[in-house]
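Taking it in order: structure first as structure tokens, then the write-up.
The values are calculated or read from the model by the stated rules, or taken from the named source; none is laboratory data. Since the model is a prediction, treat every value here as computed from it, not as a measurement. Here the Cβ positions follow ideal geometry from the backbone for every residue, glycine too, while neighbour counts run over all protein chains shown. SASA here: full protein model, heavy atoms, side chains in, ligands and nucleic acids out. Shrake-Rupley method; radii C 1.70, N 1.55, O 1.52, S 1.80 Å.
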Amino acid sequence: MRKITSEDEELVKWAMICHGSGLLGLIIPYANMLGPYYILKNKVKEFPEIEVHAKAALNFQITMSIYFTISFVLLLVWVGIFGLILLAVYELIVVLLAVLEAHDLEVYEYPLSRTFVE
């Protein structure tokens, strides 16, 4: 665990926002990718250490968007409702764990995540 100094407070804030902004997708479909993408494109120059957080969060959110889309299509046969509920609960738990890890500047390895952005 890394010792957080007063200079790292801004970095910690952006790392936590990077992971936590994925929860926006539970309210607005596909908005879960906006936060990590914005941070990847605009904050990496200011905070180079945040790149790994942004890529991990973006890859997870892309993966979750694919899973949510598949579950939404499966609503036609009523199986998708269970998938949507389970995915929402899963995303909530995993994103909260990632935010807690980001508070200590640890990079969270998202389970079931695929790599799209390297």
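Per-residue ellipticity at 222 nm for the chain, helices alone: DSSP H runs ≥ 4 residues times -39500 (n - 2.57), over residue total, nearest 500 deg cm²/dmol?
Working: 4 runs with 68 residues, N = 118.
For the chain, the value works out to -19500 deg cm²/dmol.
At a Förster radius of 41 Å, what calculated FRET efficiency corresponds to the Cβ-Cβ distance of GLU106 and ILE70, to the nearest 0.05?
My answer for the efficiency is 0.85.
For GLU51 and TYR30, calculate 0.36 nm times their separation in residues minus their Cα-Cα distance, and state this gained length in nm to one decimal. Mind showing how you got there, number by number?
Details: separation 21, 0.36 × 21 = 7.56 nm, distance 2.10 nm.
Value of the extension gain: 5.5 nm.
What's the ranking of 46-54, 108-116 by average number of surrounding C-beta atoms within 10 Å, highest first? Please report the intermediate quantities before stating the final value.
Numbers: 46-54: 17.4, 108-116: 13.7.
The packing order, highest mean first, is 46-54, 108-116.
Which value, in Å², gives the accessible area per residue of the stretch 13-72 when a 1.4 Å probe is used on the protein heavy atoms? Walk me through the numbers before you get to the answer.
Values: 2930 Å² over 60 residues.
Heavy-atom SASA per residue in the stretch 13-72 reads 49 Å².
How many Lys pairs in the chain lie less than 19 angstrom apart by Cα atoms, where the lysines are 8 or more positions apart or on different chains?
Working: LYS3/LYS13; LYS13/LYS41; LYS13/LYS43; LYS13/LYS45; LYS13/LYS55; LYS41/LYS55; LYS43/LYS55; LYS45/LYS55.
Number of lysine pairs found: 8.
Out of these labelled values of P(r) over Cα pairs in 10 Å bins from 0, in percent, (1) 14, 38, 31, 14, 2; (2) 13, 43, 31, 11, 2; (3) 14, 46, 27, 10, 3, 0, which was calculated from the coordinates shown here?
Here the calculated entry is (3).
How much of the accessible area of the chain, probe 1.4 Å, is carbon plus sulfur, in whole percent?
Details: 4980 of 7200 Å².
Here it works out to 69 percent.
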